[in-house]
Amino acid sequence: MTIIAFISQKGGVGKSTLARALAVEAQKQKLSVLLADCDQQQATSYQWLQLRKKSKFKVEIFPTAQQALREANKYDLTIIDGPARTSHATLEIAQKANLVIQPTGASRDDLIPAVKEFNALVKAEVSKKKLLFVLTRLSTPAEAKAIQNYLKNAGYHYSSFYLMEKTSYKQAQNEGKSITETKYPGLTNQAKQLITSLLDYLD
Ligand SMILES: Nc1ncnc2c1ncn2[C@@H]1O[C@H](COP(=O)(O)OP(=O)(O)OP(=O)(O)O)[C@@H](O)[C@H]1O
Ligand SMILES: [Mg+2]
């Protein structure tokens, strides 16, 4: 039983995007997967599943993260698609999860609160080892280098793969697909490398 959680203070950074792609790729590896949509108001991942035909993984909406965590023992992998801005629930999620992923954009405005969020978890005695930044929605690869340096100085782990901002990623999701299922082999591959590295990170 493994729990991977996507959290962030900021909205729109790519939690649901990465959570869905991870569910798709994990299911391809024959794992039993629960994608727990913990944003009852938006229910982004749940709505997306309705567009998606014959998915073999389960997407369920949970009013609280606690309820989702209670289901985790029934699956090989539980993916928590967290809501933005919920500090109290975030700590409980982080304590129970094997890996806590915080997607972040490239601007200083994104990075400062993102680092603060992880600092708060470390202060509450969550191990730094299970906290991971993933860079998302980047305009250029050069941006990645700068952010990676910033995060290294802050003392956090980050994925060496990152996600570029691409209309095709949005489009794929509009059609009930994941970012690992776009029309363009190059973009699909980049997303797959990132998602696979997240699964590998657990080993
Ligand atoms: N790499 C990308 N390229 C283009 N569009 C993207 C990318 N990542 C995410 N998006 C789009 O940005 C929007 C926000 O992404 P997403 O829903 O994954 O963020 P979120 O962190 O789950 O947001 P929230 O905090 O509101 O739950 C969506 O419309 C999504 O399709
Ligand atoms: Mg979301």
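The values are calculated or read from the model by the stated rules, or taken from the named source; none is laboratory data. Computed from a predicted model, the values in this text were never measured in an experiment. Positions of Cβ are backbone-derived with ideal geometry, glycine not excepted, and every protein chain shown enters the neighbour counts.
Checked against (1) surrounded by fewer than 19 Cβ atoms within 10 Å (Cβ to Cβ); (2) touching a residue at least 40 places away in the same chain (Cβ under 8 Å); (3) more than 20 Å from PHE62 (Cα to Cα), ASN119 passes all but a single condition, namely (2).
Which ones in region 9-25 are more than 6 Å from ligand 1 (Cβ to nearest atom), out of contact with any Phe, Trp or Tyr (no Cβ under 7 Å at 6 or more places or on another chain) and at pLDDT 95 or above? If the condition is that a residue be more than 6 Å from ligand 1 (Cβ to nearest atom), out of contact with any Phe, Trp or Tyr (no Cβ under 7 Å at 6 or more places or on another chain) and at pLDDT 95 or above, then ALA21, LEU22, VAL24, GLU25 are the ones that fit. Would you point out the residue of region 14-23, among those that are in contact with a helix residue (DSSP H, G or I) (Cβ under 8 Å, 6 or more places away or on another chain) and near ligand 2 (Cβ under 9 Å from one of its atoms), that is nearest to GLN190 (Cα to Cα)? For region 14-23, the residue satisfying everything is THR17. The residue that is modelled with the highest pLDDT, among those in region 76-92 that are surrounded by fewer than 20 Cβ atoms within 10 Å (Cβ to Cβ) and away from ligand 1 (no atom under 12 Å from the Cβ), is ASP76. Could you look through region 93-113, keep only residues that are closer than 15 Å to PHE6 by Cβ, of a type outside the set (Val, Ile, Thr) and more than 12 Å from ligand 1 (Cβ to nearest atom), and pick out the one that is surrounded by the fewest Cβ atoms within 10 Å (Cβ to Cβ)? Within region 93-113, the match that is surrounded by the fewest Cβ atoms within 10 Å (Cβ to Cβ) is ASN98.
Counting only strands (runs of 3 or more DSSP E) wholly contained in region 1-114, the ones carrying 3 or more residues that are closer than 18 Å to GLN173 by Cβ occupy 33-37, 77-84. Quick check on region 58-75: of everything there that is among the charged types (D, E, K, R) and surrounded by fewer than 15 Cβ atoms within 10 Å (Cβ to Cβ), which residue is nearest to TRP48 (Cα to Cα)? Result: GLU71. Hey, any hits in region 178-185 for a residue that's surrounded by 15 or more Cβ atoms within 10 Å (Cβ to Cβ) and not in a loop (DSSP other than H, G, I, E, B)? No: region 178-185 contains no residue that is surrounded by 15 or more Cβ atoms within 10 Å (Cβ to Cβ) and not in a loop (DSSP other than H, G, I, E, B). Quick one: is GLN67 in contact with a strand residue (DSSP E or B) (Cβ under 9 Å, 6 or more places away or on another chain) and either more than 15 Å from ligand 2 (Cβ to nearest atom) or without any contact (Cβ under 8 Å) to a residue 40 or more places away in the chain (or both)? Yes, satisfied.
Selection over region 147-171 of residues that are closer than 22 Å to VAL100 by Cα and in a helix (DSSP H, G or I) gives a count of 8.
When only residues in region 36-46 that are under 14 Å from the mean Cα position of the chain (by Cα) and within 12 Å of ligand 1 (Cβ to nearest atom) count, which is surrounded by the fewest Cβ atoms within 10 Å (Cβ to Cβ)? That would be THR44. A count restricted to region 45-75 and to residues that are modelled with pLDDT of 90 or more and β-branched (Val, Ile, Thr) stands at 2.
If you check VAL134 against the conditions, is it β-branched (Val, Ile, Thr), surrounded by 13 or more Cβ atoms within 10 Å (Cβ to Cβ), under 16 Å from the mean Cα position of the chain (by Cα) and not in a helix (DSSP H, G or I)? Yes.
Among residues of region 159-175 that are farther than 15 Å from SER16 by Cβ, those with a Cβ under 9 angstrom from a residue that is hydrophobic (A, V, I, L, M, F, W, C) and in a loop (DSSP other than H, G, I, E, B), sequence gap 6+ or separate chain, pair up as LYS166/ILE179; SER168/ILE179.
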